[in-house]
Every structure is written in C-alpha cells, then in structure tokens.
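Accompanying notes for the structure given below.
The values are calculated or read from the model by the stated rules, or taken from the named source; none is laboratory data. Fair warning: this is a prediction, and the values are worked out from it, not measured in the lab. With ideal geometry, Cβ positions are generated from the backbone for all residues, glycine too; neighbour counts draw on all protein chains shown.
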C-alpha cells in the first residue's frame, strides 16, 4: 500500500472513530438565561438583516430541501437529485406515484428547519450534542451525492467542510453551546423563511411558481392558505417545544428543588 493510500485510510479510520464517538450521551448543557438571550439576539442578527440572511438563508434552504428528500423516502419515493441556488431557491426531484405521497413530500420543506432546530435544542440540553453533530456530518456528506447543479455543489461542499471541521477540532465543552446556537438559529430562520413565502402570496405573486404552498394547492385542490397555516402550525409547535425545553432546563438551575 502506498503512503498516500495509507494516509487516506488512516484519515478515514480516524474520521469514523470521531463520528462513532458521538453516538453516546454526554453531560447535559448548562446555559444560563443570559446565554440564551445572547444566542437569540445573534440568531435574529443572522435572519433579520438582509445581508446576513443572504448567507445564513442558504443553510436554512439546505435543511428545507433535505426535509423534502427525507419525506419522499418515507413514502417509498426515489430521490433523483437536489438543486440549490444562491438566491435561496431550490428543488428536490423525486419519482413515485400517489397524490398523498406527493403532498406529504411537498409539505415537509418550510417546517423542517424549525423541527430540526427544536431537536437540536433538546439534544443540547439532554447531552446528545455529539450525536447531533455526528449525524449532521454524515448527512451532509451523503447530501453531496444528490446535488445536481454547480451552485448547489458549492453550497453543500461548504457546509460539509464546516461540519467535518467541527467533528475534528471542536472541543467537547463547545459542542453543547454550538448545538444550542444552531438550533435556535434554525428556529428563527424557519420563521423568517415562512414570512418570505407569505410575502410571495401577498406582495410578490410573480414568484408564486416557486412556493411550496402554491404547488401543493395545484396538486391537491386545497387553497394555498391551508398549507401556509399548516407550515405555521408546525413551526409554532417546534418553537414552543424548544422554549419549553430551555425553560425547564434554566428553571432547574435557577430554582433547584
């Protein structure tokens, strides 16, 4: 075996060892109320100002499209590819039959960043940050196999690199705080993204063809407003679950029994 091949093998073994090490529970995160407030403010700064959203919104779009892909797989549909673009638009291409399966797949886009965000908040406070990081790193690498355009490749490769760097270099004490911050940022980003699609239906109707709610209304006959309300409900429940998790954790530290 050549030295290059041996280096690659050693790297792969070390990478997998770090990934596998994440599949165990660690200590619960201690995050005082002031940290939660600062993280929330930082998340707002990522999602509210247009220049920051231009970049952070790409991450939200990736999670959005992965939500469609996972939903498609749960119905037995075959995922053929994912397109991502710098303008935050994207498409997940799948093949399969059944109107219900298509509707299920189409629904799980806008709500998914909020669902993932709530899961990350829960993971942070319950000692599963390493698991969340390991799963995310593997998923982002698998995602590269389904990207079908150049802009999407740039976006996905960039996020995969960041994820793998965290696997190798992030100290264990940092992971819980990072997982919490990413979770809260995704929750805020999901709200921002939902407001964006609502604006498409109210003020920017020339972009209706890109709206999941509009596409679902054409496929099912249900008004777009029903689908927008469904997105909002899942996002609101996710935010409530995350807030309840954080409140419970902070309450334990502030008011120990």
I'd like to check something: does segment 231-244 contain any residue that is more than 22 Å from the chain's Cα centre (by Cα), modelled with pLDDT of 95 or more and within 24 Å of residue 199 (Cα to Cα)? no
Quick one: which of 222, 207, 216 is more than 29 Å from residue 180 (Cα to Cα) and modelled with pLDDT under 85? 207
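Being in contact with a strand residue (DSSP E or B) (Cβ under 8 Å, 6 or more places away or on another chain) and either closer than 18 Å to residue 130 by Cα or not in a helix (DSSP H, G or I) (or both) is the filter here; which residues of segment 147-206 pass it?
Result: 147, 148, 149.
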Across segment 64-103, the tally of residues that are assigned to a helix (DSSP H, G or I), within 18 Å of the chain's Cα centre (by Cα) and under 19 Å from residue 215 (Cα atoms) stands at 9
Go through 103, 118, 114 for me and flag whichever is touching a residue at least 60 places away in the same chain (Cβ under 8 Å), surrounded by fewer than 20 Cβ atoms within 10 Å (Cβ to Cβ) and under 23 Å from residue 194 (Cβ atoms). 103
Being at pLDDT 95 or above and more than 11 Å from the chain's Cα centre (by Cα), is that true of even one residue in segment 109-120? no
Residue 250 - would you say it is surrounded by fewer than 19 Cβ atoms within 10 Å (Cβ to Cβ), touching a residue at least 12 places away in the same chain (Cβ under 8 Å) and within 23 Å of residue 114 (Cα to Cα)? yes
Single residue of segment 22-42 satisfying the filter (outside any loop (DSSP other than H, G, I, E, B) and over 22 Å from the mean Cα position of the chain (by Cα)) that is modelled with the lowest pLDDT: 33
Exactly one condition in (1) under 20 Å from residue 186 (Cβ atoms); (2) touching a helix residue (DSSP H, G or I) at 6+ places or on another chain (Cβ under 9 Å) is false for residue 207; which is it? (1)
